[in-house]
Amino acid sequence: MTKDIQPVFILPEGSTRTQGKNAQKANILAAKAVADTVRTTLGPKGMDKMIVDAVGDITVTNDGVTILEEMNIEQPSAKMIVEVAKTQENEVGDGTTTAVVLAGELLKNAEDLLDKDVHPTVLAKGYRMADEKAQEILNTIAVDIKDSDKDILKNISMTAMTGKGAETAKEHLADITVKAVSFVADKSTDGISVNKDDIRIEKKVGGSIFNTELVEGIVLDKERVHPQMAKSIESAKIALIDSAIEIKNPETDAKIQITDPNQLSGFIEQEEKILTKMVDIIKKSGANVVLCQKGIDDIAQHFLAKAGIYACRRVKKSDMEALARATSASIVTNLDDLNEKHLGKAGQVEEVKVGDEEMTYVKGCKNPKAVTILIRGGTEHVVDEVKRAMDDSMGDVVSALKIGKVVAGAGSVEIELAKELRKFADSLSGREQLAVQAFANAIEIIPRTLAENAGLDPIDITTELKAAHDKKQIWAGVDVFSGKVVDAWKAGVIEPLKIKTQAVSSAAEVAEMILRIDDVIAGSGSGAAPEPMGGMPQMPPGMGM
Ligand code: ADP
Ligand code: MG
């Protein structure tokens, strides 16, 4: 008698498992889908995306990482690609689309080799070798710059904004960016360091992008609490208070029975006394400006105004911290403790009308390394997109200064890199050679996409670019506006080296990681279960496919 062999279940019910080539195919497909989504936004002629979230809020953007974050991608390997964009954002602040598009192309080319039975581990090894070599090549071709090369820094800033919502005012905004960064940069013997927290970006809807300004100091989105307070205080001595200048509400439901009118006025008098005492402590400290993180009682406002003190209430915690650093004040949590030693100093605290609303400018701070960029623009969507573009350009200028090395863009650096990588491939033998070649070909996706997005013929342009590079024109790139091959350096399309080194290494790493996966085991509800579209990430209809 033969016994029936019972199947053995090692996974809980509802889990799914995809193995071998199927797992690889599904992962690659998902990764490619993510890359395809952002591909059309690459470069100055890239299009924007409109993303509508569950509650109907819309975001219109051209920024790779923003698009991917807003999309709420769930498929696991697609999520890994989104991580590439996030790493790029954290490390440089720009180049997120480049990194993702590159990762997608590396996997696409890997798929072709997998179909030709090249083993995934050989491929992964080849990619790692290519990545290492690419870093070396990029460092060799990069150009050294100094902090005095203001024109180059301005070009870097403008390159980051080309094709974004900020483009119309890019000269003006680039001036602001370069000024802000130079203002807070610290020069020491080990080079230049910039603390990006010293540059605050505030947004205020209204006016036009051209009204965007750089304020040497801190801008608070707050007005003075009482109209009788002076609008401007010179030689400000600032108290930062993190407790309410109010009578505390009784915590328990105590009932106070008032049986006769005298008792009521007595009660009010008592309150007034407490508030007067609070204001007296402030007066005694010598402060002429009070910035309070909590509320300020009406009566206290009145007394403060009478004492010639300028006050704002409900100041954001992050602003309080920035103020503490900029003015060397210490934030006081218990008002009774306040004394002269806690006060910060600034040349002037002033209420300024910006558009229809009042804001408080704290200028001439004790620590001059505090600047605010106040972004203006017609609507909230404009202001938000300008902020994203400014973030990118700020990241680029900071990175260029820190590392002191830059390259030209417009596809020039990628063509040169691909050319050198092919030379390296020739020195190898066997299947790794194929992998390095595939890597080199993948890099060319950047100029190809720049051309494609500009409505140019990608094959013609790449052929022309390659011919120029063979003639040692290392910065030959594509002018997406005229469709011609130009010297990208002379055209002012300049980017920090780090954008490229980071994009190449993160893309290579994620590609290697995805290639090594041959088994996807997913619990139910993990988002990894095969979907109708073969494991593609969930995305709004009509996006990228
Ligand atoms: P990312 O998110 O990768 O920064 P972008 O949409 O900002 O994507 O596009 C960056 C690409 O556009 C880079 O390859 C850069 O060299 C290229 N680029 C920027 N300005 C120009 C220009 N004026 N002409 C051609 N290419 C440009
Ligand atoms: Mg960019």
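Every number in this text was worked out from the coordinates using simple rules, so none of it is lab data. The structure presented is a predicted model; accordingly, all values stated were derived computationally and were not measured. With ideal geometry, Cβ positions are generated from the backbone for all residues, glycine too; neighbour counts draw on all protein chains shown.
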Per-residue ³J(HN,Hα) for region 102-116, Karplus 6.51 cos²θ - 1.76 cosθ + 1.60, θ = phi - 60°, Hz, x for Gly and Pro: 5, 4, x, 6, 4, 6, 4, 5, 5, 4, 4, 6, 4, 5, 8
Treating only the Cβ atoms of Lys and Arg (+1) and Asp and Glu (-1) as charged, compute the dipole magnitude of the chain about its Cα centre; round to the nearest 20 debye. 980 debye
Is the C-alpha gyration tensor of region 369-449 telling us rounded, prolate or oblate? Criteria: a/c under 1.5 is rounded; beyond that, a/b larger than b/c is prolate, otherwise oblate. prolate
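For region 284-371, would you read off the P(r) tail past 23 Å as a percentage of all alpha carbon pairs?
On the way: 747 of 3828 pairs.
Cα-Cα pairs in region 284-371 separated by more than 23 Å: 20 percent.
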What list of ³J(HN,Hα) couplings, whole Hz, do you get for region 207-220 from phi and the Karplus terms 6.51, -1.76, 1.60, once you set θ to phi - 60° and write x for glycine and proline? x, 10, 3, 5, 7, 4, 9, 9, 10, 7, x, 10, 10, 10
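What ratio of Cα Rg to 2.2 N^0.38 Å holds for the chain?
The chain yields a ratio of 1.23.
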Taking the Cβ of each residue in Met394, Met47 as the centre, tally the other Cβ atoms inside 10 Å and list the residues starting with the fewest. Met47, Met394
Bins of 10 Å, beginning at zero and ending with the bin holding the largest distance: percent of Cα pairs per bin for region 218-367, please. 11, 41, 30, 12, 5, 0
How large is the helix-only mean residue ellipticity at 222 nm for the chain, computed as the sum of -39500 (n - 2.57) over DSSP H runs with n ≥ 4, divided by its residue count, in deg cm²/dmol to the nearest 500? -15000 deg cm²/dmol
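Specify whether the C-alpha gyration tensor of region 51-190 places it in the rounded, prolate or oblate class, a ≥ b ≥ c being the square roots of the eigenvalues: rounded for a/c under 1.5, otherwise prolate if a/b is larger than b/c and oblate if not.
On the way: a/c = 2.62, a/b = 1.31, b/c = 2.00.
Oblate, because a/c is 1.5 or more while a/b does not exceed b/c.
Starting with the fewest neighbours, write out Ile296, Ile443, Ile521, Ile10 ranked by other beta-carbon atoms found within 10 Å of each beta-carbon. Before the final figure, lay out each step's value.
Details: Ile296 23, Ile443 27, Ile521 14, Ile10 7.
Taking fewest neighbouring Cβ atoms as first place, the list is Ile10, Ile521, Ile296, Ile443.
Can you classify region 80-148 as rounded, prolate or oblate using the Cα gyration tensor, where a ≥ b ≥ c are the square roots of its eigenvalues, rounded means a/c under 1.5, and otherwise it's prolate if a/b beats b/c and oblate if not? Please list the in-between numbers first.
Numbers: a/c = 3.15, a/b = 1.63, b/c = 1.93.
The shape class here is oblate.
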Express in whole angstrom the spacing between the alpha-carbon centres of region 166-210 and region 257-277. 53 Å
Sequence of Asp384, Asp460 once ranked by neighbouring C-beta atoms within 10 Å, starting from the fewest: Asp460, Asp384
DSSP-defined beta bridges in the chain - what % are antiparallel, rounded to 5: 70 percent
